[in-house]
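Report on the following structure.
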Amino acid sequence: MKAVAYGLLTLLYVLHTDVWYWDVSRMVLGFPIGFTYHVLGTIVITGTFWLVVRYTWPIELEAAEEHGVGTASNHLDCDLTSVESP
């Protein structure tokens with residue numbers, strides 16, 4: 001699934017550079033076609049990133065946080081309560 005997600009993100013990145021609409025003055029939905037293309041592209045990219053997070057997020061990170069392993073609070077080397085404020 002990760003390969004599909006990364007491939008889709010790469011494809012969307014390539015499609016983001018819309019050189020084919022630079023000199024077109026046609027209007028779509030009341031806006032210039034380049035603007036409409038980017039608005040619709042943003043919606044597709046948002047959905048794609050949601051799918052990437054939903055289906056490729058490492059489960060180990062969630063399990064480690066639930067058990068308190070690897071969190072920043074376990075690795076503090078100083079006592080911040082003794083620091084004087086200016």
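Read the figures in this text as sums done on the coordinates, not as results from a lab. Remember, predicted model here, so these are calculated numbers, not experimental data. Every residue, glycine among them, receives a Cβ derived from its backbone with ideal geometry; neighbour counts consider all protein chains shown.
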Explain nothing, just the number: relative contact order of the stretch 2-60, from Cα pairs under 8 Å at least 6 residues apart, as a whole percent. 39 percent
If you take the beta carbon distance between residue 39 and residue 59 as r and set R0 to 22 Å, what does 1/(1 + (r/R0)^6) give as a FRET efficiency, to the nearest 0.05? 0.05
For the stretch 1-56, just say rounded, prolate or oblate: build the C-alpha gyration tensor, square-root its eigenvalues into a ≥ b ≥ c, call rounded for a/c under 1.5, and beyond that prolate if a/b exceeds b/c, oblate if not. oblate
